[in-house]
Structure formats: C-alpha cells, structure tokens
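One structure is given here, and the rest of the page talks about it.
The values are calculated or read from the model by the stated rules, or taken from the named source; none is laboratory data. The structure presented is a predicted model; accordingly, all values stated were derived computationally and were not measured. Every residue, glycine as well, gets a Cβ built from its backbone with ideal geometry; the counts of neighbours run over all protein chains shown. For the accessible areas, the whole protein counts, side chains as well, though only heavy atoms, and no ligand, DNA or RNA atoms are used. Shrake-Rupley method; radii C 1.70, N 1.55, O 1.52, S 1.80 Å.
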Amino acid sequence: MRLHRFYVQQPLGEAVHIDDRELVHQWSSVFRYTIGDSVLLFSLLSPRFDYEYEITDISKTSATLKQTRSFPNIVPKRPSALYMAIVKKDTFETVVRQATELMITDIVPVLASRSEKKGLNFDRLLSIVTEAAEQCGRGSIPTIHPIISFEEASVLADETHVIFDRRGGSLAADIQKTVTAVWIGPEGGWTDDEIGVLTKKGVTTLSLGAVTLKADTAA
C-alpha cells in the first residue's frame, strides 16, 4: 500500500494522539486504515522532518500512533514571494497549487487595475496549498497574504523584484541581482502606469516570450 503523507497542526513525538475528526474520518472511511497501517506526518510544530507512524488504535473520531522512523523533508532554501494579480477562481487556485510545489514561501494577491475578480476564498486556498504540500513532499506551508491593492503592493517592491510583461527585456539576460519576488499580471496584463510605478522602484521588467500566456501559465 502506498504510504500517504498528511499535515497536522500539533507537535510530533514518539507517540501521538490525533483527534482531528476530519482527518481521522479520511483515514477510516476513505483510506480504510486499520490498526497496523502506516502514515507519514509532518507539522510546522516539528519542522524539517517527516515522521512515519504505525496506527495502534483508531476509531471514528480519533487515532493513536507510534513513531517508527523519521527523515528530513524538503523546505525552501530561502524566502521567495509571488505577487499574483487576482484572476478568476480556477486560475488562481491552479497558481497557488503550483507555487506551493515550486517552493514559493509567500503568495501575495494583488488587486490590479485589470483584475476582474475582486475576492478570494481563503479557506479554500489554504486547503489547496496544504494538500499540495502533502503531495509534493514539502515540509512547510506557504503563507497566503490578505488581498492588497496595487498601490499597497508597490510600496513593498524594490530592486530585488521582477515583474513579467511582454514588453520587458529578455528572460535570458543576466540581471545581476538576487531575485526575491516575481510579479504576474491579470488577464490583459499590467497597465503602463503599473509598470511605470514599479520601474521607478527599481523593479526589472522581463518578458516570458512573444506569445500571450494565460495568467496561470505565466505564473
């Protein structure tokens, strides 16, 4: 049986008791786990390691586990941010899932001039990034920040940021700097005014090619 990996919000020791009813229901009703089956757990309260546990007791509401081994998991080597213009629901969900897999540490939703959608379901997004981290082997969960306006986001921009736009320079160019954040625009792209504001902050504008990419493809 495949060893499935799960995120829990509690410290992980030699023995743990799980009383997260939703998780235990998934184990007992979806995966049909019984005593003797094994699971992989990771937690931000016990960072940098995955822990394999054997189920010693399980009911419909709780489970007791015994640790059998541990090994280092994968965490981002340094902070990195994605300033993502708000786009339609399915597209934004794809972006946060893939950003999790690519080890982005911070996702900042930006209300750009051409953003047609104005809100996000943050509970849904947190569920998506958690599931993505479980599946890809990542030992941390990216932070999804509250929605901010372009004006608020631009205050945070500096010369270590890169904005992507078709009118930018070649991606192959050596930009001679450490990149800490990338900016991806909405459907229709960034406006001239938005690019101008960031350029004045020292942000480099680069192109991903001559073709027009969908927002999730670009991200």
May I ask you to evaluate 6.51 cos²θ - 1.76 cosθ + 1.60, the Karplus curve with θ = phi - 60°, for each residue of the range 74-81 and list the ³J(HN,Hα) values in order in whole Hz, giving x for glycine and proline? 9, 10, x, 6, 7, x, 8, 10
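Under Stokes-Einstein, with the Kirkwood radius over Cα pairs standing in for Rh, what whole-number D in µm²/s applies to the range 126-216 at 4 °C and 1.567 mPa s? Don't skip to the end; give the middle numbers.
On the way: Rh = 14.9 Å.
Roughly 87 µm²/s, to the nearest whole number.
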Packing-wise, with mean Cβ within 10 Å as the measure, how do 20-33, 180-193 rank, highest first? 180-193, 20-33
If eta is 1.002 mPa s and T is 20 °C, what Stokes-Einstein diffusion coefficient results for the range 1-70, Kirkwood Rh from Cα pairs, in µm²/s? 181
So how long is each side of the range 1-117 along the principal axes, counting just the alpha-carbon atoms, biggest first, in Å? 55, 31, 24
With x for Gly and Pro, the residue-by-residue ³J(HN,Hα) of the range 153-159, computed from phi through the Karplus equation 6.51 cos²θ - 1.76 cosθ + 1.60 at θ = phi - 60° and given in whole Hz, is 5, 5, 5, 7, 6, 8, 5
Express the relative contact order of the chain as a whole percentage, based on alpha carbon pairs under 8 Å and six or more residues apart in sequence. 18
Hz values of 3J(HN,Hα) by residue in the range 137-144 - Karplus curve (6.51, -1.76, 1.60), Gly and Pro given as x: x, 6, x, 9, 10, x, 8, 9
Extreme residue, positive dipole direction of the range 24-130, given options 58, 74, 35 (C-beta unit charges): 74
Please give the calculated 222 nm ellipticity per residue for the chain, where each DSSP H segment of at least 4 residues contributes -39500 (n - 2.57) and the sum is spread over every residue; nearest 500 deg cm²/dmol? -7000 deg cm²/dmol
Skipping prolines and chain starts, which residues have an amide H placed within reach, meaning under 5 Å, of the one on residue 50, given they are 5 or more residues away or on another chain? 71, 73
Inter-centroid distance (Cα atoms) of the range 1-39 relative to the range 65-85, Å: 19
By the mean-Cβ-within-10 Å protection proxy, highest first, 117-124, 136-143 rank as 136-143, 117-124
Filtered pair list for the chain (Lys only, Cα < 23 Å, 8 or more apart or interchain) has a length of 11
Charge tally in the Cβ shell below 13 Å around residue 154, where Lys, Arg are +1 and Asp, Glu are -1, residue 154 excluded: -3
Which residues qualify? For residue 165, with a placed amide H closer than 5 Å and at least 5 residues away or on another chain, they are 206, 207, 208
Mind checking the dipole of the chain: about its Cα centre, +1 per Lys or Arg Cβ, -1 per Asp or Glu Cβ, Debye to the nearest 20? 260
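Could you provide, to the nearest whole Å², the per residue accessible area of the chain with probe 1.4 Å?
Values: 11720 Å² over 219 residues.
Computed with neighbouring chains in place, this is 54 Å² per residue.
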For the chain, the percent of accessible surface on carbon and sulfur atoms (probe 1.4 angstrom, ligands and nucleic acids excluded) is 52
Among (i) 20.6, 62; (ii) 29.4, 92; (iii) 17.3, 56, the entry that matches Rg and Dmax of the Cα atoms in Å as calculated here: (i)
Folded to 0 to 90 degrees: helix 89-101 orientation relative to the chain principal axis, Cα: 70
Selection from 11, 137, 109 lying farthest towards where the dipole of the range 2-160 points positive, charges on Cβ: 137
